[in-house]
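S.K.: Below: one structure in structure tokens.
Please treat every number below as a calculation from the coordinates, not as lab data. Keep in mind that this is a model prediction, so the values were computed, not measured. Cβ sites come from the backbone with ideal geometry, for glycine too, and all protein chains shown count toward neighbours.
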């Protein structure tokens with residue numbers, strides 16, 4: 001119990017120090033831009049010095065009573081967090097190569113048709129799950145057109161914006177997310193219209209992405225019966241437990257649920 005108390009006490013003041021340090025950094029960045037920046041800098045600077053002094057003192061006094069264990073556990077978690085961040089940044093850098101497809105889609109495009117293409121009533125439909133107008137989504141779209149040629153005459157694009165800690169900060173943030181998601185799927189619709197093909201976009205925002213996707217999938221399937229669903233999944237050159245743990249497999253969950261409804265769903269590999 002004593003070790004837990006020491007662990008709690010030290011980590012609480014680590015949190016205090018980081019909070020005060022963040023505020024000091026904020027006030028320094030806005031110096032001269034906000035009228036009360038110096039006042040805020042002095043208050044949070046004083047808080048940083050005091051909490052830092054208490055933290056160092058507590059570590060020294062309680063080092064043999066569990067302080068070293070606290071530093072070991074907290075330090076290990078910090079190293080793990082940094083390693084995970086580096087992995088995501090490395091993956092993001094590799095995915096940047098796919099974003100060249102966005103430039104191709106925007107630059108190498110035919111003139112816009114005078115009228116929007118109409119849905120082919122008895123034509124086959126491809127429903128593609130996307131997450132933004134980016135290289136990942138375009139890679140899936142181009143894979144469908146490359147593999148299946150002109151089999152599909154109708155297209156639909158489904159995108160769901162996830163409401164998480166980064167977006168659920170107020171009504172304005174959620175509204176902005178809705179607008180971004182809607183604008184992304186509209187870009188796919190516009191692109192397909194320039195190719196002379198009918199397309200429509202379905203979008204939503206929610207906490208449970210899988211459930212929102214299935215709701216939109218049901219709408220798409222009712223409107224265009226017999227549609228075939230497609231989703232992309234990252235495939236790493238060297239598969240590992242770390243990659244499987246750090247990258248979600250939403251598309252597999254969606255595929256499993258659609259299969260239970262008797263709806264075909266194809267997962268397209270995206271090699272990085």
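S.K.: Tell me the label-point distance for the pair residue 151, residue 211, using the 7 Å Cα-to-Cβ offset, in nm and rounded to one decimal.
M.R.: 3.4
S.K.: Provide the gained length on full extension for the span residue 12 to residue 173, in nm with one decimal, where the gain is 0.36 nm per separating residue minus the Cα-Cα distance. Could you put the intermediate results ahead of the total?
M.R.: Numbers: separation 161, 0.36 × 161 = 57.96 nm, distance 3.00 nm.
Going from the current span to full extension adds 55.0 nm.
S.K.: Please label the shape of the stretch 2-95 as rounded, prolate or oblate, based on the square roots a ≥ b ≥ c of the eigenvalues of the alpha-carbon gyration tensor (a/c under 1.5 means rounded; beyond that, a/b larger than b/c means prolate, else oblate). Walk me through the numbers before you get to the answer.
M.R.: Numbers: a/c = 4.04, a/b = 1.12, b/c = 3.59.
Oblate is the answer for the stretch 2-95, as a/c is 1.5 or above yet b/c matches or exceeds a/b.
S.K.: Tell me, what is the FRET efficiency for residue 92 and residue 124 to the nearest 0.05, using R0 = 35 angstrom and their Cβ-Cβ distance as r? Please list the in-between numbers first.
M.R.: Values: r = 35 Å, r/R0 = 0.99.
Approximately 0.50, to the nearest 0.05.
S.K.: Which order, highest average first, do 47-57, 127-137 follow once you tally other Cβ atoms within 10 Å for each residue and take the mean per peptide?
M.R.: The packing order, highest mean first, is 127-137, 47-57.
S.K.: In the Gaussian network model of the chain, springs joining C-alpha atoms below 10 Å, which of 60, 147, 84 carries the largest mean-square fluctuation?
M.R.: The residue that fluctuates most here is 60.
S.K.: A further question follows. Below 8 Å between Cα atoms, with a sequence gap of 6+, how large is the relative contact order for the stretch 109-271 in percent? Present the calculation step by step, with values, prior to reporting the outcome.
M.R.: Numbers: 258 pairs, mean separation 44.5, N = 163.
27 percent.
S.K.: Here's something else I'd like to know. Once you've got the GNM for the chain with C-alpha springs shorter than 10 Å, pick whichever of 260, 58, 192 has the biggest mean-square fluctuation.
M.R.: 58
S.K.: Moving on. Which number comes out as Rg/Rh for the chain once both Rg and the Kirkwood Rh are worked out on C-alpha atoms? Intermediate results must be reported in sequence, preceding the final value.
M.R.: Numbers: Rg = 25.3 Å, Rh = 22.6 Å.
A ratio of 1.12.
S.K.: Right, something else. Take the Cβ-Cβ distance between residue 83 and residue 222 as r, set R0 to 45 Å, and report the resulting FRET efficiency rounded to the nearest 0.05. Each step should come with its number before you reach the end.
M.R.: Values: r = 45 Å, r/R0 = 1.01.
With R0 = 45 Å, the Cβ-Cβ based efficiency is 0.50.
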